[in-house]
Each structure stands twice: as structure tokens, then as C-alpha cells.
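Since the structure comes first, as C-alpha cells, the remarks are kept for the end.
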Amino acid sequence: MLPLQSPLEAYRADLSRHPNRTDFGRSDTVWLLVAHCLHRLSRAQGEARRSIAENCASAIGDLASTVAPDTPEEAAMLEQLARLRRGLPVIDAKRTAGEVVAASRILAEQMGDAGALWLSFSTLGHVRLAATAAPHRDLGLAMADQAWVARSLGDLDSADELYDGVASAGESYAIPELQARAMLGKGVTARVRGNYPKARAYLRDGLAVAEDAGLSELAAAGHQGLLIAAGTAGDLNTALIHGWAAHELFVAEPNRQADVLLNLAQASLDAGHAQAARSGFLASLSRSDSARFRLACLGGVVVASATVGDGAMLVKMANVAEEWLAATAYPYESAGVLKSLYHAFTIAGDAERAEGYRVRARALARKNGFFEIVLATESAKAPAVAAPSAAKARLSSESMRVIRSLEALETEPVSELLALTP
């Protein structure tokens, strides 16, 4: 199991993972204070515990009063700090302990999104120890979040061990949400290990539990997991059907829907339906305001455009890509777009421009240790990229309905946004 470090040790470990960074943004001080308070409370007992809780609530309130939120994330952070300030002095009561856990989970998610994964893991672990009076559901969800962080850190054994704890709590206290989350989580770790049959079994079981309990968000996550697992294994019929089901369930969540559409578009491209794929990539682009995510969509658009023989769109999108690359600070996503541009111009038969993108992608990938991209940009790979198969995969009638639905997605707003109209 991954060690549960003190907040300062965790923060130092995060910075060591990002040697070019000196912090994770304006919220670092707040996060460290919250994690420190939870760490102290996880070890305190008796009167000392009550005193520490009150002092921590006061310190959090004082720090929050100095923050003027400039972003929605900072505004959300202040809301959670207010919940902690109210809940910490009565952390040994069930309802308020649950508030402390819920607020800490949201703050830990912000830490993880910023790249401070060790600090996120530490915060979640310490709040579970500090707020033991919280409802079993809240503690189980915090454990599931910890498992996600462990997987993001690359420790699949720790992730599985934590998911086993979530499953046990779900079974012991008859909480289907925890059972479904555990199964879906273990399905993802099995997929990452390359055990696709085991992954799909877990994901199907988790999806079934979620649907039986009416948990639509988890059901959508189950469909999305099966989309990715089936697509990776080459079962494109299954991938497309589950992908569209996830797309429909996420209709009220544009960012989640964008993520599904990206995977759906890739499955369509793999199936030989590049026109549907391009519509999917463009529609995905319109549903997310994340610069990091949009880079991934852009990579799909250029390859799909090259595959359908739309050289004008390819050149225009390449120009957009150059503008975005100049303004971004995401090395992995940047290397991925450069790799996609290399593939796209190779398909289009522009060897000179393709080689330029290959060299740039390879240099950025080697600098940052992105070995999958290094491998994909070896010059020996060019012949395979240059002649994609014109044959379409054999798809069921249900899968073809998904393809037609993707082709019909509205993409004009994106075209106008990117100035792609003539």
C-alpha cells in the first residue's frame, strides 16, 4: 500500500514529480493548511482533539477571508473551506463529520487536477482517519477517490487494495453505490494491466449494479469504461454501442460528454468511418473548455481530415494547432498533437511537413519521457501510417446507427469558433 505521508512530505513528493515547477498555483497554501489540520486531527484524542479542531476551524476561516476568488475553482474552494470551518469543531458528530469528508474530497480533487497527487492522496487518507464518525457512504467514497489517485500515481496494487476496501464496505452496509464504484474501479485497473476479459467482467458487473440501483452517473461511467476496454481490445461493435449509451446519459454534463465523444470518435476512426469520427471529434471540441482536452480533440480532427482526403481542412486545423501549441503548457498533450499532425500529413502524402512534425513530436516526447509517443514517431512507423486501410470494419445495425448519429452531430458552431469557414 502507498504510504500515508505528512502533508509537507506529500507536497515535496509532488514537486519532485514535476522538477520544473515550484508550486501548483495560488491554492497551495490553502491546501497545505487543510491537509495539515486533517493530519493533526487524525492523531489527536480527547480534549486536545477538540482544541485542535477549533483552532483549525479558526485558521481556515482566517485564511479564507484573505482569498479573493478569480476563477470558478477558487470560488468552489471557498465554499468547501466554509463547510470545513463549520464542521471541524463538531467533527465527532455523524452529520458534520460527513460534511468534513465531503468538503475534503472536493478539495482533494482540485489538488489532483493540479498535479498534486501525493497531497491529494494524503488529504483523503487523513480525513478518513480524522472523521471516523462520518456515514459509511462518505468514508467509502473517500476511499474510492484514494484508489483513483493511487492508480494515477501508477500503483495499481494499492488501487486494487483500496477498491477491495470500498467493495467490502458496500457489501457490509448494503450500499450499492460503493459496490458499483469498486467494480468499475477494478475494471479500469484490470484494463490498464492489459487483462481485457477481466476488465470487461468487472465493468459489466459494476454497470449492472449501478443500473439496478438507479445510479445513472455510475451507469454512464460503466458504459464509458466498456467503450474504452472494448475499443482497446478491438471489439468495435461493443465499444460503439456502450459509448453512445454513455453519451446519452451524460447529456447534462458537457465535459463528461466531451470525454465520451472523444473515445467514440476514435472507435469510429478505427472502424474505418472517418467522416463520423471527424464529426465526433469536432462535437467533442465544442463541449469542453479545457485547453488540455481540446488538444487531444484537435489531434483526432487532423487525422480524420487526412483520412477522408480533406486537405483544406487539414491545413486549416494544422494552423489552429500551431496557435494552440504556442500558447499551451501541457507537454504530453502537445507531443500527442504533434504526433497526430505527423500521422495526418503522412497520410496526406506531404512527406516534408510530416517529417517536421515527427521530429518535433519525438524531441518533446524524449525530453519528457513519453516513450509511447517516442515509439510511435520512429521513422520506421511511417509506412504503416501512410497507407491506412480503406476497408471498413463489419459493424452491426445498432453500431451503424451510432455511426449515423455521430455523422449528424452539429459541428458548425465549432467551425465558426475556429474560423474554419471559408
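The values are calculated or read from the model by the stated rules, or taken from the named source; none is laboratory data. Treat the numbers as computed from the prediction; the structure is a model and nothing was measured. Neighbour counts run over all protein chains shown; Cβ positions are idealised from the backbone, glycine included.
One line per residue, one yes/no per condition, for (1) on the phi > 0 side of the Ramachandran plot; (2) out of contact with any Pro (no Cβ under 8 Å at 6 or more places or on another chain); (3) surrounded by 15 or more Cβ atoms within 10 Å (Cβ to Cβ):
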site	(1), (2), (3)
Ala64	no, yes, yes
Val101	no, yes, yes
Glu109	no, yes, yes
Ser122	no, no, yes
Arg128	no, yes, yes
Val149	no, yes, yes
Asp157	no, yes, no
- Query: Which one of Ala296, Ala265, Ala245 is in contact with a helix residue (DSSP H, G or I) (Cβ under 7 Å, 6 or more places away or on another chain), modelled with pLDDT of 95 or more and more than 21 Å from Met183 (Cα to Cα)?
  - Reply: Ala265
- Kindly indicate whether any position in region 84-94 is modelled with pLDDT under 95 and in a helix (DSSP H, G or I). no
- Taking region 347-375 and keeping only residues that are in a loop (DSSP other than H, G, I, E, B) and either over 23 Å from the mean Cα position of the chain (by Cα) or among the hydroxyl-bearing types (Ser, Thr, Tyr) (or both), one is left with Ala348, Gly349, Asp350
- Message: Just to check your reading of the model, which residue among Ala306, Ala344, Ala326 is among the small types (Gly, Ala, Ser), assigned to a helix (DSSP H, G or I), surrounded by fewer than 23 Cβ atoms within 10 Å (Cβ to Cβ) and over 21 Å from the mean Cα position of the chain (by Cα)?
- Response: Ala326
- Query: Which residue pairs have Cβ atoms under 9 Å apart, sit 6 or more places apart or on different chains, and have a first residue in region 305-332 that is within 17 Å of Asp350 (Cβ to Cβ) and touching a residue at least 60 places away in the same chain (Cβ under 8 Å) and a second that is in a helix (DSSP H, G or I) and basic (Lys, Arg)?
  - Reply: Thr307/Arg278; Met313/Arg278
- Query: Mind checking whether some residue in region 214-232 is outside the structural domain of Ile403 (by TED's automatic domain parsing), β-branched (Val, Ile, Thr) and within 20 Å of Leu141 (Cα to Cα)?
  - Reply: no
- Item | Residue that is nearest to Ile60 (Cα to Cα) [pool: residues in region 1-37 that are surrounded by 14 or more Cβ atoms within 10 Å (Cβ to Cβ) and touching a Ser or Thr at 6+ places or on another chain (Cβ under 6 Å)] | Ala35
- Query: Where residues in region 74-99 are closer than 17 Å to Leu33 by Cβ and among the acidic types (Asp, Glu), which of them is farthest from the chain's Cα centre (by Cα)?
  - Reply: Glu79
- Note on the structure: Residue hits (region 329-341; within 20 Å of the chain's Cα centre (by Cα) and either closer than 18 Å to Arg278 by Cβ or assigned to a helix (DSSP H, G or I) (or both)) are Pro331, Tyr332, Glu333, Ser334, Ala335, Gly336, Val337
- Item | region 47-73 residues that are in the same structural domain as Ala35 (by TED's automatic domain parsing), paired with ones that are in a loop (DSSP other than H, G, I, E, B) and of a type in the set (Gly, Ala, Ser) (beta carbon under 6 Å, 6 or more apart) | Ile52/Ala44
- Note on the structure: For region 218-231, pairs from a residue that is in a helix (DSSP H, G or I) to a residue that is buried (at least 24 other Cβ atoms within 10 Å of the Cβ) and basic (Lys, Arg), with Cβ under 9 Å and 6 or more apart or across chains, are Leu218/Arg181; Ala221/Arg181
- Task: Please find, among Ser27, Ser42, Ser16, the residue that is in contact with a His (Cβ under 6 Å, 6 or more places away or on another chain) and of a type in the set (S, T, N, Q).
- Result: Ser42
